[in-house]
Each structure stands twice: as C-alpha cells, then as structure tokens.
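First up is the structure itself, then whatever we jot down about it.
Coordinate-derived values only; no laboratory data. Treat the numbers as computed from the prediction; the structure is a model and nothing was measured. All Cβ positions, glycine included, derive from the backbone under ideal geometry; neighbour counts span all protein chains shown.
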Amino acid sequence: MTKKLSYQQLKDIDREKIIHPQSVPKQNADEGPSMIYSKGDGIRVTDMDGGTYIDGVSMLWNVNLGHGQSELATAAYEQMNEFAYGSQFYGNSNEPAIRLADKITEYAPGDLDGVFFTSGGSESNDTAFKLSRFYWQLQGFESKKIIISLKRGYHGVTVSAQRATGIEAFREFSGSGDPHIINAKAHLTAAEQGDRTSSDFEKSIRGLIEQEGADNVAAVILEPVQGAGGVHLPPDGYLQAVRNLCDEQNVLMIADEVICGFGRTGKNFAVEHWNVTPDMISFAKGVTSGYFPLGGVIMRAKVKEAIAQYDQMLAHGFTYSGHPTGCAVALKNLEIIEREGIVDHVTEMEKELQKGLHTLQEKHKCMTKSRAIGLLAGFDLMKDPEADQLFENDVKAAETFVKACRERNLILRKFDFEDGMNTVAIAPPLIITKKEIQELIDILDDALTAVHKKWE
Ligand code: PLP
C-alpha cells in the first residue's frame, strides 16, 4: 500500500523535488506549489486545502468537457484493459487510431484528408514544419525551408515550436534556435487591431516572403485566434488574405488550432468562421478534453498524397503517435461533443458571456476591449482606456486582478506583456451553463470592484 502523505508533506516534497513548467522556480522553491488539485467536477476543481474553484480557463484551455467526466475515464479503462498501448511504427496500427483519423478528417474542412498523430501541441507544430518542408522537397523544391510565424503567436516549447512562438520570453529562452523560423512583426493585439486592417498583416507576411524569397519559404503558421498572445481575434478578411498570399507565393498555410479545435470557438475548427481551408491544421488539447496527451496534424489531400508515395522510411514519429488509449478517449470525447450538441451550446453561451463582459466593461473603467469568440474570451486592464494609458508595471494589474479572482474561488489566467499591456483570459469548460456564466461574471464584478478601490 502506498503510504498516505499529509498535505504539508506533499507540499514539501513538491517544493524540494519538482521544477515546474512555466512557473517561477524560486517562488516554488520558497513557497511550494500554489495549489495541489485533488478533485474535479464539471466546471469546478478542488484544492487539497479544501477550497473549490471555478476553473475559468479549463486549466490550459483544454478541459473542454469539464472535470470528472466519467465516460472518458471509462473509455480509457476499457481500452487499457483490451489493449493499452501499441506503436504505429513500421506500418502498424490499432482500431481507435484508425477510427479517430476517420472521424477527424470527417470534421476537418475542405479536402483536409490525412492525419499524423503526436502527443501534444508542440510536437504537432514541429511535425507540421517538418512535413511542410518534406512536402516541398518531394516536389523538387529543396530550398523551401523557412517557416514564417506571427508576433505574439504561441506554438509551444519544443525547439522549433519555441522559435515560431512570437512571445519574446519563450522565443529566446535558453538560446535555442532554428534559423529557418522567422517571425513577422505584425501584431494581432486588440490595442492595435482597431487601427490595423487585414492588409497590414498580409503586407507584413508578404514582406518577409519577398525578403527571404518565396523559393526559400515552406509555410506560414498562425493561430486563427491567438490564445497565449492575449486572446486576439483576427481582423475581417485576415485569414482569407493569408490564404490568398500563400496560394500566390506557393507557400503552405498551417493553422494552429491547438486551442481552437473541437468546439472552443463555436465551430469544430476556428478557420470555419472565415471559410478558409489551410494546408495543415495542428491540433491537441480539446481532442481529448485534456484527459490524455494527444495531438496531431491534419493535412490536405495533396500533401498526404505526395507523402504517401514516398518509398523510403519517413524518419519522423513519436513513441506515442496514435496511442490506442488516447485515441479511444478522443473518440469518446468527440462522441459526447456530438451527442450533447456542445458546439451549438458554445455559440449560445458565447452570447451570455459577451453580454456579461459588456455590462462589466461599462461599469468598470479599467476594463477594456473585452472580446470573445465561442468560449474563448479576454479583456485588457488599463489605467485609463480613453486616454490610452497603461498601468505602471509595478501595479502588476493582471496579476493582482487574477489573485483577487482566486480569493473569490475563480481561476483565471493573466498575461502581462513587455509592451505593458495587461490581459486576462477566460475560457471555461464548454459545458458551462447560463447560470454558471452569471456566477463567473458576478465574481469578476466583485474582484474588479475590489482591485479598483486599491488602484484609485
Ligand atoms: N499551440 C497553441 C496555440 C497553444 O496554445 C499551445 C499550448 O498552449 C501549444 C501550441 C503547445 O501545446 P503543448 O503544450 O501541448 O505542447
């Protein structure tokens, strides 16, 4: 029997032994973990200290069907008992992976018709970069290697995905770099969006293609809606303009739908809002609602068919590509999404969330530029939005606000960028009800009132 450890013992071991991802190591070494989750139920999670919180960001925008979904647990249990793991190497396969590939390509727009499985978002983007370069190589364009990404895009932390990430702290971390990945200067930030049109972004990407030479560029990668860059919706016509540019310049378009895919924005894939078919879609997170690490790349027929004719070993693949248990969980997840009409529910709940956020924005001076698509939302905190005045850095506006929400049993995510912008993200589980949205809005209201008093 495993020895029972007290809450304090667990905290101490964590503090001493674990280097946490995307956390402040010294803070962890000094204070231990900020929460030790012990239970989840619907939109709520419980900390070992007994507190119960609304998970306002679905953990990392991935627990889309909410916590404690026992059908997903059962699907994993049954698959593990039957056949827990088998690799896809050497041409082998398994039924859940085959069924999932069929389902995903049925969901995917246009002629997206082939799938390569991975274990998460970063691996999916690295795979998309490699396969797009490989595709061009197969077409006889050996020099097409460069990947263009956008400022504030977030694509993960493996070396290539890190380099494509246009948020300085990640892009530069630890000096790793892929010289073939370059970053456009165009921003999608809400602050600039009002003044910028889709053609500004198109010009920025076009400028880079021309600078590098289209013969050297393999692909452009972008998130249809930027997540970790501050939740930014694209200006009208933007995705279509990038699609046209890619066609004109003979460059592949990769849509990173790691956050957006499988219903988060009120469509199966966010690109559907703008009727655009990218050449590849990378996915992860929501495909299993976070119940199993699984991701992949969906590719258009022309890419899949070119690769399918290669008669030597494709020197790429992960131990957990096409993991049967992960695929079984994903299949159940997609079945529940369909059965419960989750995607339409998201569109309904978006209206409630938008309404609540607008009311708060009218009431609280520091809250500005609230935005939402489906259940992916954000707003900025500014000292004086009308005068375009940001908070001073030492106010730590987003951090203070998110802490105030935590004290009121709501978990949210904050972003404070090098340009001084403070942004708060909201992305609750897609199963959230109208009543629960109101509960969330009431907590935001109370927390805004509290921090406002502090800042005045
Ligand atoms: N792409 C996007 C848009 C993401 O938001 C993330 C993670 O948040 C990733 C890629 C990386 O995914 P992972 O952390 O599973 O490697």
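Some values worked out for this structure:
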| quantity | calculated |
| --- | --- |
| Largest-first principal axis extents, alpha carbons of the stretch 36-171, Å | 60, 43, 28 |
| Whichever lysines have a C-alpha closer than 19 Å to that of K363, once near sequence neighbours (fewer than 8 apart) are set aside | K351, K355, K383, K453, K454 |
| The stretch 92-211, relative contact order [Cα under 8 Å, separation at least 6], % | 18 |
| Mean Cα-pair separation over length for the stretch 199-267, i.e. relative contact order, pairs under 8 Å, 6 or more apart, % | 39 |
| Contour excess over end-to-end distance, with Cα ends at K26 and Q249 and 0.36 nm allotted per residue | 75.5 nm |
| Sequence-distant aspartates and glutamates (8 or more away, or on other chains) whose Cα lies within less than 18 Å of K144 | D126, D178, E210, E212, D215, D247, E248, D279 |
| Dimensionless Rg over Rh [the stretch 276-346; C-alpha; Kirkwood] | 1.05 |
| Rel. contact order, % - alpha carbon contacts under 8 angstrom, at least six apart, the chain | 20 |
| CD proxy at 222 nm, helix term only [per DSSP H run n ≥ 4: -39500 (n - 2.57); per residue of the chain; nearest 500] | -12500 deg cm²/dmol |
| Quotient of Cα Rg and 2.2 N^0.38 Å for the stretch 404-456, N being how many residues it contains | 1.27 |
| FRET efficiency for D446 and T359, using Cβ-Cβ distance with R0 set to 22 Å, rounded to 0.05 | 0.95 |
| Mean Cβ count within 10 Å, highest first, over the residues of peptides 232-241, 132-141, 9-18, 292-301 | 292-301, 232-241, 132-141, 9-18 |
| Long pairs among K39/K403; K151/K304; K151/K285, criterion Cα-Cα beyond 27 Å | K151/K304 |
| Semi-axis lengths, Å, the chain, gyration tensor of Cα atoms, sqrt of 5 times eigenvalues | 34, 29, 21 |
| Semi-axis lengths, Å, the stretch 205-285, gyration tensor of Cα atoms, sqrt of 5 times eigenvalues | 23, 12, 12 |
| Per residue convex hull volume, Cα atoms of the stretch 128-286, in Å³ | 103 |
| Most to least packed among 414-420, 425-431 [average Cβ atoms within 10 Å] | 425-431, 414-420 |
| Two-site label geometry, K403 and Y77: point separation in nm, points 7 Å out along Cα→Cβ | 4.2 |
| For L150, distant residues with modelled amide H under 5 Å away | A184 |
| Residue exposure sequence - T2, T400, T325 - by fewest surrounding Cβ within 10 Å | T2, T400, T325 |
| D49-E348 FRET efficiency (beta carbon distance; Förster radius 60 Å; 0.05 resolution) | 0.95 |
| Estimated distance in nm for a label pair at M313 and E212, the labels positioned 7 Å out from Cα along Cα-to-Cβ | 3.0 |
| Loop chymotrypsin sites (Phe, Trp or Tyr not before Pro), the stretch 286-352, which have at most 13 other Cβ atoms in a 10 Å radius of their Cβ (DSSP) | Y310 |
| Per residue, the convex hull volume that the Cα atoms of the stretch 114-162 enclose (Å³) | 83 |
